Structures are given as structure tokens and as C-alpha cells.
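Here the structure is laid out as C-alpha cells; the discussion comes afterwards.
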Amino acid sequence: MYLYLILFILSIFSSLRLTSNTKYSNNSLHYKSINYPNKYNKISKRYYSAGIPNKYITFEDKVLATCEDIYNKSEFIKKWGLVSCIYLIEYKHDPLVYYIGRTNLFKRRISNHLLANSNNKFHLFINLIGWEHFKTSIIEVKPATELGARENYYLQKYLPLLNTTFSSSFSETQIYETLTNKLLNLKNNSVIYENGKSKKVYVYNILKDHIDSNYYQYKSIIETSKGQNIARGTISLYMDTNIPFKGKLYYSNPILNIKEIFDLVKNISNELKLNSNIAKKVWAYDAKTLELIKGSPFVSKSQASKVLSVSRDVISYFIDTNKAEGIKGTYLFSNKLNCEEMNKLLNNVDSLKLGNKKEVWIYDAETLKLVNNMPYPSLKLAAEYLEVEYRTIKRHLDTKISSSKKVYLFSKQLDLATKKELLEKYT
């Protein structure tokens, strides 16, 4: 019954869409005296037959180490805090309920989890139930360049209940079905044979803002497979689902209303968040010359990550933002830039700010005293002091919004008027 309770709780939070102002302290919403009867640690066959999909899997791979109490983690962090790894956060009272993540620095990620005030289902649930009901394990230690691929392996193998990768707003019973089952559910009763003969296949290119009305027509799935260089099983799986595969849509009949289908495709893709599981090309441009980086476009974020020597998370953060990543400066896009877009970026070259060598003034939010009595010489050093990622520093810099560490971050020294404003705001 735990699984039912969890889905119920998550459905409530999904509908309420709690705002980012909601706060969860270590004491306010933690239930520390709950006794869980053993009979509820197993989910009955009758429960599954009532409509909850039997898709949840206990984590069965070996782990390197486990911390049973996150509030007494000093020895665990001393040994494992500096590693880049895949980790597991598991609910002690039900082995079907867990979260899998990756990090370049384990101690920082755990600290961020503990302080998080996020709207995602993992943090909402764990802050409601309490960290004392969870244990944390190191699954494997890997170089940062390999973490993305390994995390994807575990996510696709186990479909962890508390991760958001496979979430859907259609219904709670669809939340964690596999990609295959999602596609099968979306099929419009398509058939590949009719009266014993192979049906034709119509292949459309889907672009950023429309579907190309010019289609490829094939006599059969076999011919489509050869023409598109895609496995027959993949074509059968995606056909008539309105879900694109590698930028193409597959149908057993021609599209009658291009615009209507395009809107439907976008809505389904956004709601199911399936795009995160499909490799996308990455165009990388030198920020000063707008010339393509050697090897670009890359076939995936993982390949771009390896060539550019940055994490996949950094690629995801900067892609399509018109912000240059890194000290040298690289623009990252999911589509090739046209002449107008390139000229617009070239016009801003003189004002382009690269890297993270920028002074950061850290002020205590309550007293507005300058931390360390001097500014930190870079975003990186400020991030190390606060034990957060430097992108977190960038997001809060000059916003007049205090961070989870109860500090204000500015790129220059505060004047008296601003100090007065912030003190009044804080009190």
C-alpha cells in the first residue's frame, strides 16, 4: 500500500503545484515517529489488478557503500564525499521507492539535496516524509565524462519511482511505464498489413515550428527501414504515435491537417518529456567568431560533453540560451543557426562576457555584513565557499533574492540605499 500512498501524495502535489516559496525545515514536516506495519511493505496482487501498473522494480545491482542515517554522515562523507559517482537514495520502508542520480562531487550534491526547496516530486516527497526514512548509497564511481551514460543506463533499467525522467501528466497510473509502453499506448490502432499486403509508410520531417508537408512514401516497413536506416521494430513502435524519432514522424496514412498534428506532437512530447531520452544533435559555435567548433554538430549531448570537456549538465544548461559557455566561450544550440541569428550574436561580441572570473560580494541576508570582509575573486571560489555549483551563483547574482544559504550575491559592493532596501525586505 506504500506505493498507492506515494502516488496519491504525488498526485496531490502535482495538482497543487506548490510554489517555490513553500518552505520545509528539518523539523516542521518530518514525521519521526511513524510505525510502519510489515504487512504494508508488500503490495498485493489484488492491488495491482485494481489498475496500478506492475512496472516498478526493486534496485538489485550491488552498491559500493551505504549510509543508513544521512544526519550522521560525517564518516561516510569523509570517505566518499569527493568522488564523482552514480548514487541511490532509497526509502527504508519500501524497496520499490527510490531515486537515482549522478554528481561530479558527492558531498556537494547531498548538501544540495538536504537544502533543496524544489517543486519536483523527489524533494517534495522526501521533505514531507523526512530524511531519516531514507538511506543513501554509492552505486558506482566513474569519471565525470561517463556519468551521463551510466545514469541513463540505470534510469532505463529501473525507471525509479522518485525520478522525473519518465513523468507524465496524463494520469498517475501512466507515470512510470517504459518508453515502449508509452508508445504502444499512443498508437491509433495502426496496422502494418492490410488484406495480407504490407501497408505504405509516410515519413515526415518535423522542424522547429512546423511539419514539412513534403513526405517520403515507402511501400512497406522493410523498404522504410532501408531508406531511413532505422530498424523495422523501431519504425513499428513509433508509427502513428505522433512521437518523432530522430526528427521524423511515421504514419500509415498521409497527414490531413499538418498544423493540427504539429500542435498534437508538441503537446504530447512536452507532457511525456520523452525528448530527454532521445539523442539530439548539438551545434557548437565559437562565441567570438561564430565558426562551428571542430566536430560540430555533435550527434548527442554526450559526444559534445566529451569533445568540449564539460559535463552533460552544463550542455543542458547552456543549450539554446544564447549564453556563451566557458572561459573561451562556446554557444550551444539544438539547431543550426541561420544568417540572421548569427549576425545578431556577432553584433554582441564586444560586450560578451566569458568565463567565471568575476568578483562576487557575499552578504549575510540578515545583517548584510560582508562575508570574509572582502569579495571572492571568481564565481568558482564563491561557489566552493558556499558548497554550491557556480551556475547557482550566476542565477542569484545581482537578483536581490537571498539564496538557500541565506546570503545575497552581488557583482559589486552594495551602496547604502540598496542595503536599506534589502534589510527592510528581509525583516
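The values are calculated or read from the model by the stated rules, or taken from the named source; none is laboratory data. Nothing here was measured: the structure is a model prediction, and the numbers come from that model. Here the Cβ positions follow ideal geometry from the backbone for every residue, glycine too, while neighbour counts run over all protein chains shown.
For the reader, a short list of remarks on this structure follows.
- Members of region 364-385 found to be modelled with pLDDT of 85 or more and either assigned by TED's automatic domain parsing to the domain that holds ARG108 or of a type in the set (D, E, K, R) (or both), listed by number: ASP364, GLU366, LYS369
- Residue that is modelled with the lowest pLDDT [pool: residues in region 231-277 that are part of a loop (DSSP other than H, G, I, E, B), in contact with a strand residue (DSSP E or B) (Cβ under 7 Å, 6 or more places away or on another chain) and among the hydrophobic types (A, V, I, L, M, F, W, C)]: MET239
- Test result for LEU422, outside any strand (DSSP E or B), in contact with a Lys or Arg (Cβ under 7 Å, 6 or more places away or on another chain) and of a type in the set (A, V, I, L, M): yes
- Scanning region 313-363 for residues that are β-branched (Val, Ile, Thr), loosely packed, with under 15 Cβ neighbours inside 10 Å and closer than 25 Å to GLY148 by Cβ, we see that the one that is modelled with the lowest pLDDT is ILE327.
- Members of region 216-225 found to be of a type outside the set (A, V, I, L, M, F, W, C) and over 18 Å from TYR204 (Cβ atoms), listed by number: none
- Subset of region 197-230 [out of contact with any helix residue (DSSP H, G or I) (no Cβ under 6 Å at 6 or more places or on another chain) and part of a strand (DSSP E or B)]: LYS197, SER198, TYR202, VAL203, TYR204, ASN205, ILE206, TYR216, GLN217
- Qualifying residue in region 106-126 (condition: more than 22 Å from GLU140 (Cβ to Cβ) and of a type in the set (Val, Ile, Thr)): yes
- Residues of region 112-148 that are closer than 20 Å to VAL63 by Cα, crowded, with 21+ Cβ neighbours inside 10 Å and aliphatic (A, V, I, L, M): ILE139, LEU147.
- If the condition is being at pLDDT 80 or above and polar (S, T, N, Q), then region 404-427 contributes SER411, GLN413, THR418.
- Scope region 66-82; condition among the aliphatic types (A, V, I, L, M) and either assigned to a helix (DSSP H, G or I) or buried (at least 18 other Cβ atoms within 10 Å of the Cβ) (or both); matching residues: ILE70, ILE77
- Unique residue being among the basic types (Lys, Arg) and in a loop (DSSP other than H, G, I, E, B) when the list is LYS294, LYS306, LYS344: LYS294
- Given (1) part of a loop (DSSP other than H, G, I, E, B); (2) farther than 18 Å from TYR158 by Cα, number of the condition PRO95 does not satisfy: (2)
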